[in-house]
Every structure is written in C-alpha cells, then in structure tokens.
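Here's the structure, in structure tokens; my notes come after.
Just so it is clear, none of the values below were taken in a lab; they were calculated from the coordinates. These numbers come from a predicted model, not from an experiment. Quick reminder, even Gly has a Cβ in these numbers, built from the backbone with ideal geometry, and neighbours come from all protein chains shown.
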Amino acid sequence: MTTTADTTAALARTAPVAPTRPGFWRRFRDNRPAFVALVVLALLVAASLAAPLIAPYSPEAIDVPRRLSLSTPDHWLGTDSLGRDTLSRLLYAGRVSLLAAATAVAIATVIGVPLGLLAGYVGGKPDWVLGRIGDVLMTFPAIILAIAIIAAMGPGLQTAMIALGIVYAPRLFRVARAATLQVRAETYVEASISIGTPAWKIIPRRVLPNVASPVLVQVSVMLAAALLAEAALSLLGLGVIPPTASWGVMLGSGFKEIRSTPLLVFWPGVAIALATLAFNLIGDGLRDALGRRTRKADS
Amino acid sequence: MLGLLVRRLAFTIPMLVVVSFCVFSLIVLVPGDPAVSLAGENPDPEQIAAVRERLGLNDPFLLQFWHWFTGVLRGDLGQSLFSSQSVAGAVFARLPATLSLALLSLTVALVLGVAVGVLAAMRPGTWVDRVATFAASLGVAVPYFWVGMILVLLFAINLTIFPAVGYTPLHENPLQWFLHLFLPATALGLAPAAVIARQTRAGMTGVLREDYVRTATAKGLPPARVVGKHALKNAAIPVVTAFGLEASRLIGGTVVIEQLFALPGLGSLAYTSVFARDFPMVQGVLLVVAALVLLINLLVDLSYGYFNPRIRQS
C-alpha cells in the first residue's frame, strides 16, 4: 500500500515537470524582444568586424571640399567637419566602442567573479573585508571614479577600460558572492566537502556552473552600462582619443557642429542606443530563460 | 526612528573615513614620481620640489593622510596646485549649480517615473501599459548625453524656448534659473524616470491585487485615493531603492551634462582639474561627491523606516 502511494506521490512530484520545461535556447528564442535584440546585436557586431570590407571609405580619409555634407549618393550618411565619411567612421567606431565595452566588462569579470566565489565560499573575515572594499568602491558614481582613476593615470582608451573594469568589479562580486552563498548551502556541496573533496575542485565543478547564470545576466546588462560609460568618457575627451573614432568621440565632435549639421550627432547616438537597448533586452531574456521554474507561477 | 538613525549613522561615519582614505590614496596610482607627473609640462627641479613640499610627499604616507584628513575635518581641503584658490572654496562655489541640477533631475525622475508607473499598473495589459513599458525600455537605453544634445537641437536651436548653455543662480533670478536648468535636468532625469517607472509598475501591480485595496475600492473610495493613500506607500520600498541607486548614477552623469550645457558645477570643476592634473582639487571634488552619495543612501535607508514601520525595530 504505502509503496504504491509513495511511488505515485514521487511520480506526481517529478513526472509532469520535466517534459513541460523546454530547453534554454527554446525559452530564450520564444522571448521575441530578446531574440530580435540578439539579431540586431549580431548585425552590429558583424558590421563592425567587416568594417574594412564594407566601409565605402577609409575612416580617416579627409575631403575638405565636401565637408559637413548631408546625405548624398557618395556619402550615404553625410560627412563630418573634415569631410570624413560618416558611415565609414560609424562602422570603424563600432569596433572600438564594442571592443572597449567588452574589455571593461571582461576586466570586471576577471576581478569580481573569482573574488565573489572566494568570499561566498570561504565566508568569515575574507568575505567581510572584500565586501567592505566593494561597498566603498560603490560609494562613488561609476563615471566619477573612472574619471578619478584617469586623473591619476592619464587619459586614453586603455586607462578608461581598466578604470571601468575596476569600477564594475564590485557589482559582479556581489552577484557571484550571493549565488555562491546559495550553492554553498546545497546538500551536494556539503556532501562533496564531507567526503574530503578540496575546495579548488568543488568551486569550479559544483559552484561555478550555478553561479554562471546570474553572472551572465549581470554581464549583459553591464555591457550596456560600459558602452554608455565609454561613450561618455570619450565624449569628454578622457577615453578614446581622436583621430581614432568611437561612437562617443563622434558624438563629441558632432556636437560642435550641431547648429549646422545636426545629423552628425544623430547617427552615433542611434548606434549607441541600439546596442544598449540590445544588451538590456538580451539581459532580460537571459534572466527569464535562466530563471528558476517558480517564476512561472505568478504569470 | 531615532534608533534607526543612530544605527545608520554608525555605518555611514566609518564609511566616510574609509572613503576619504581611498580618495587620498588615489595619488598612489599616479605612475612614477607623483611630484614629477603633477608639476606640469617639462618641470624644472624647483617646481618639482615645490609640488613635493606642497603635497607633503616627503612625509610617510600615513602621516600625509593624517595631515590631509585632519584638515578635512576642519573644512580645509587643501590648496589648488596651480592657482591660489583653496579647494574648499572652489568646491563650495560650484556646489549650488550641481545641487540644483541634481535636485531638479531627481524631481523629473520621481514625478515622471511614478506617474507613468502608476498609470501602467492601473491598466495592465492595455495600450497604456504597453506604451509605458516600451517607453521605459527605450528610456533606459537611450544615452542621457545624447538626449541632452537632441533637446538642445529641438528646444534651444530650432525653437528658441530655452537657453542652450549657461547658468543663473536661484537667488538672482528664479525664472532664469529654471529655464537654464530645464533641458539639462530633463536629459539627466529621463533614464532614472524609466527605471523608477518600471519599479513602480512592478510594485503597484502586486499591491493592487491585495485584499485591502479591493476593500478600499469596495467601500467606494475614488481610485485616486485608493492609489495615493493605500497602494503607493506599500509599493514604495523597491521604488525608493531604485531611486537611491539612480541618484548615485545621476550625480555621475552631471559631469557630462554640465560639460554639454556649460554649467559651472562640480562636474565641470572635476573635468578641468583632471586635465590640469590638479590633484588636490580632484580629491576634493571626489570627497564631496562621495559624501553626497552617502548622504543620499542614508536618506533612502531612513525612508524605509517611514514606509515600513517594521524596519524601525529590527
């Protein structure tokens, strides 16, 4: 009697759940905004990578007689104050801006995630000390701290990216730490510890895979923030230094001509907004697709 | 409430000390000999020695910090490296413009964000909700500095309603003060408004389903009273949290916006000091900004106690 009841109860608990939950990719793909965002982002990245092949001109080719032109058959998106082709510059600038954002977030990940794993796993004093360092860094608005670091180390793309990486590290640290704390309390981790598996084996094999999803969501949203920050710093002349084009640099130089040729600030702004929107929507999509089953309950 | 205040202050004051130490330690990041890098282009030995003396670089590091920190406590933030100005004087001369900009932007963010969020939450699934949600996604993604440029183009160049640049102090001419700050504050306030709208919508949709809201509606209260008196206060905590985070980000954004609109605030002081490598000035601005953020966080924490009385005890 009891066995049948137990089996049915067990079946009721497990059976209907597994097949109704489609795979991660299916769930992500069914989220239309996130999927469209992924396609848009892929196009932006592809266009930037292919810039040398598809750009009609060199991004630094000066053509003074045709400066500040509007859209023409030769220059689809017009030219800037030195007669450089806006479309070509936009494509090349995409490489710089997207790579810069990716670098900053990569630095933040490399610093923040291992420390978060460590703090969450070990706990105690290291956790307390790392947590307080994070608190202090978070007291400064990101862009102000980045400017302060640039003040000490001198302007330039590399400094700007390192600065942003340091500024964003505590955010990833917090996410990784919180997720680690959760996994640390799971039975399978305790079991691993009790049979004597060393931490350096447990962390990458048992903890990291569970920490990866919240980190991934945060990374996606952070890429959007880093892209905006790079643009802001470059706009101020503290990031990418002309003649190299980034979307921020183009906005900065375009703003000087806003009275005569407003188009110059229009296009780089659209590019930044598109990429930022895409990163945010992908982040939302990842959050939904990677989330635990319980979140379905209230919809 | 007093207990909460004491507890939060017990956290904030040590934070301020640690933050000042970090601000001061920034000089460690200057590559090579800071006195050489900070003495300007092609410095002669005398200038280097003068800078070294001025910054007290001959003392051990902790002693240097102690001198600086005790000065800070007395309201003395040091001297500019390149002008005879005191850092405290320069910072406080610039503070009103930045505070005006920040307060006005936060007002835009809060009023617009809560209004849009409440409207969307009251009619979930309708076109109002969909338009609001779409606008919020867009508002989060569109760069604030770009919004600033577009606003200048539309309302200062094409339609000459607002001035494109400059600042008038509030006590000189309140109308001009407002007109000069309207575009920059809108540019800076839109993205936080979008974030606040999202939080408000999420919080309100939950609260509006509660029994006490149904009771309030059933006993015949007009929707405005139900929302204003019963629902909003209970949906407030996540909104206030978002507000605190956005406020910190918004203060960061003032640097860029002040530059675009030529406002004489802390941000533009930081900007010129960074290019001049006027280190004491950079440190002073940084300290004041961090103090401002800590103050905002303190106020946010205290407001939790107002919105949720249970927090006052624990």
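Quick notes on this structure:
- Hydrodynamic radius of chain B per Kirkwood, over alpha carbon pairs, in Å: 22.2
- Neighbours of residue B:255, meaning other residues whose beta-carbon lies under 13 angstrom from its beta-carbon, give a summed charge of +1 when Lys and Arg score +1 and Asp and Glu score -1.
- A DSSP coil position with no more than 16 other Cβ atoms inside 10 Å describes none of the chymotrypsin sites (Phe, Trp or Tyr not before Pro) in region A:147-210.
- Its Kirkwood hydrodynamic radius, worked out from the mean inverse distance over all distinct Cα pairs, puts the protein assembly as shown at 26.7 Å.
- When only the Cβ of Lys, Arg, Asp and Glu is charged (+1, +1, -1, -1), the dipole of the protein assembly as shown relative to its Cα centre reaches about 2540 debye.
- Charged side chains reduced to their Cβ positions (Lys and Arg at +1, Asp and Glu at -1) give chain A a dipole of some 760 debye around its Cα centre.
- Relative exposure of A:159, A:180, B:70, judged by other C-beta atoms within 10 Å (fewest first): B:70, A:159, A:180
- Label-point gap, in nm, between residue A:102 and residue B:229 - each point 7 angstrom along Cα→Cβ: 5.8
- Whether region B:1-148 is rounded, prolate or oblate, judged on the alpha carbon gyration tensor where a/c under 1.5 counts as rounded: prolate
- In the protein assembly as shown, taking the dipole from charged Cβ atoms about the Cα centre, the farthest positive-side position among B:104, B:31, A:160 is held by B:104.
- When B:18, B:285 are arranged by Cβ crowding within 10 Å, least crowded first, meaning fewest neighbours, the order is B:18, B:285.
- Listed residues A:239, A:110, A:187: farthest to the positive end of the dipole of chain A (Cβ charges): A:187
- For region A:141-226, size of Cβ-based charge dipole, Lys and Arg +1, Asp and Glu -1, in debye: 120
- Signed unit charges on C-beta, dipole axis of chain B, positive-most listed residue B:42, B:267, B:308: B:308
- Within region A:25-290, the proportion of Cα pairs with more than 33 Å between them is 32 percent.
- Taking Cα atoms only, the orientation of helix A:208-235 departs from the longest principal axis of chain A by about 20 degrees.
- Once the Cα atoms are used to define both axes, helix A:157-184 deviates from the longest principal axis of chain A by about 10 degrees.
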